[in-house]
Structure formats: C-alpha cells, structure tokens
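Have a look at the structure below, then the notes.
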C-alpha cells in the first residue's frame, strides 16, 4: 500500500507504520473472515454475540495503544479524537489487511471519539470503563424500523421517528426499537438519537443520550442477517421503559439534530477502510493478470485487460484523494462537522467499489462467478454496506439541497 499521504505529520506516519506492523504480525485475515461468516441465529443473545468476538486480538491492539487512540490523553488514550487525517490514514492501513480488523478499529475510534464532546460525567464513566476493560465497546443508533436514517430528506414533520424519550423527574424513559446497529449487540454503551417532542418537526425534536446496555429494559430484538457478515454483527434493539439519568444526555433537549447530522462525517473512516481493502483487491488482480498466460503472454499485456486495471487504479486514486481532502478539511472543526464532504465521499466511494466489482468479474472471467473467486467475500461485504449512512444516491440528493 502507498504510505505517501499529503499533510501527514511524522508522528502520524509512525502510527500508520505501527498499524501496518501490527496487522502483519497479528492479523489472520482468513480466520477473521471465517469467524464473521459463522452463522448467527436471529434470536442470539448478547452472550452469544460476545463469544464470537476475537478478544485476544482486541487486547493486543489495546497493548499496542492503537484501539484507544481517540480517548483523550487525560484518561490514558492517544488524544486523536479530532485528528481526522491520522485516523483516515490508519483506517486505510487497517483496511488493507482486511475489512473485519478495520471495522474493529474504526467502530471504536468513531463512537468512543464522538464522546470527547460529551459532558464530563459521561466521559469519566465511558472512557474509564473503556481503558480498564478491554471488552468495553460502544455503538450508535439512529435508524428505526420503517423510518431509516434519512432525516435530511424532505420529511421534516412530526411523523418521522417513533422512538421516544419522555422526561420523568431526573430521568428519561425510552421506548421503541432501533434498527441496523452495527456492534450494538456487543456494546456496553449505545449512543441513541430519540424523539423528545412528538409534535415538532424532526429537526426540532431530537435529543441524544448514552445508554448503558446493562440498563433494565434494553434487549436485542433480533440479529439482522446481512449479505456480508461481520464479526461485530448488526442488530435490532428494543427499549422498553429504559430509564436513563439526565446526566447521560449528550445534547440539548430537542437540540440534537445538528450533532446527529455531523456524526455522519465520522463515517468517512469506515469508507477509507473499505477503500484500503479494495487497494489490496486490485493488487491481487494485477498479480493474477501477470501470472495467467493466454495467447502466449500474460493477460495483463492484453489491451482489454490492461485498460480495466488502469481504470481501477485511476478510480481508487481519485476516491483516495477525495477522502483525504475531506479529512483535511475536517481537522480542527470540533463537534459540528460539515456533512457535505461525507455525502460526496459516500456517493463516489460506493460508485468506485461497485465498478471494481464489475472489473473483478471481467478480470477473473475464466473462473466464472464461483465462491472460490479471490474477491468473493470482499464483493459481498461491500454490497452489504451499500446502505451505510444511506445509499449514494440519497446522499447526493442531500448534498444538492445545500448547494
């Protein structure tokens, strides 16, 4: 992989090299993929999902001081919560060594990192727990059954969102279901967006909370059977009279919309991890084309094959530069990041990866679409996350509204 990244400081480059060395030493890509593809019953419990997690690898990542990079230094972490450029480079490096290991890192960085803006009481509880217990995980949930997460589309009315939190003294009582939460089933804390005013439009009715999953009334409603399985799993959650103290509120009452909107920008590191894995896929394609002989010469010398590889290389370079530009522009912006860059990155990166799937079927055309294709799992995984942060087309609609 290319470690020549513009604007990266020497200390950031050293971290990227540490990630590279860690993955080369500790990551068994096939073993992680096999673990992810182990079937999960839809009624699996948190205990069942925890048993799937590669805790030994996660513990080693903690020892290497990579897992806790976005925890503030005052709690013993790396203090990289606002260094989007370094996190983007690290996500690319992890992705190159496999989507499963990259997700383990990026989910922790994004959700733990978002709490650097939370009240001190929340920071102390979550960061201390995260640093002391290597099985502490954090997730976030916006999506609801039949409502999705496309709150920036023209649905700014009281009918959007049914998951509700009602104030009762010094506590909030949460009721409803949340859908499509990656790592929700193995997390100790869920950052949730709740409607707290039933009569106001969604932009004026959302409040965000940190909900400990040990709280009575929280449960896993079902495990979602995704096309591209993940070790961390994707779940639907049920909240039945879950009582959360007001001190765990992370936004002003009914003032969580702007924070919720900006959180999407943090998903860019997920897409860079996907791009890092795609860079490895392209390298494998090039090696295959150099080794396979047809017509007395390697197929990479056939013009119809060479042009496909060149196209893939150009597309990946363009997407990579776009993501790094967005990371650079997000540096030092604090909590409220401009999501427009994310909308563009989401749309373009997904277009590029889908085109790479097409190119792969052409390159490996002699093998037919078998599960034995070298890129089969990669293609399945990235088709599975097509909806992440809503589809590319929906993101372009949202971008067009602010131009």
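Every read-out reported here was derived from the displayed coordinates using simple, explicitly stated rules and does not represent laboratory data. A quick note: this is a predicted structure, and the numbers were derived from the prediction, not measured. Here Cβ is always computed from backbone atoms with ideal geometry, including for glycine, and neighbour counts include all displayed protein chains.
Values as computed for the structure displayed
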| read-out | value |
| --- | --- |
| Relative contact order for the chain, counting Cα pairs under 8 Å that sit 6 or more residues apart, in percent | 17 percent |
| Cβ-based exposure ranking for 272, 50, in which fewest neighbours within 10 Å come first | 50, 272 |
| Footprinting exposure proxy for 172, 343 (fewest neighbouring C-beta atoms within 10 Å first) | 172, 343 |
| Selected from 366, 78, 161 as most flexible by GNM, with the chain as the system and alpha-carbon contacts under 10 Å | 366 |
| With Cα atoms, 0 to 90° folded angle of helix 340-363 axis to the chain main axis | 40 degrees |
| Global size of segment 285-403 as Cα Rg and Dmax, reported in angstrom | 17.7, 59 |
| The chain, helix-only ellipticity at 222 nm - DSSP H runs n ≥ 4, -39,500 (n - 2.57), divided by all residues, nearest 500 | -15000 deg cm²/dmol |
| Normalised convex hull volume, segment 241-334, alpha-carbon set, Å³ per residue | 161 Å³ |
| Semi-axes of the equivalent ellipsoid for segment 139-255, Cα gyration tensor, largest first, Å | 22, 18, 11 |
| Fewest-first sequence of 65, 230, 372, 177 by Cβ atoms within 10 Å of each Cβ | 372, 65, 177, 230 |
| Gaussian network model of the chain, springs between alpha carbon atoms under 10 Å - residue of 105, 209, 361 with greatest fluctuation | 361 |
| Label point distance in nm, residue 291-residue 238, each placed 7 Å from Cα along Cα→Cβ | 5.0 nm |
| Residue 214-residue 159 FRET efficiency (beta carbon distance; Förster radius 30 Å; 0.05 resolution) | 0.35 |
| Projected area, mean over directions - segment 10-136, Cα convex hull, nm² | 8.2 nm² |
| Alpha-carbon Debye profile of the chain, log10 I(q)/I(0) at 0.06 Å⁻¹ | -0.24 |
| Among 71, 345, 173: highest mean-square fluctuation, GNM of the chain, C-alpha pairs under 10 Å | 173 |
| Rg to Rh quotient for segment 61-176, alpha carbon positions, Kirkwood Rh | 1.04 |
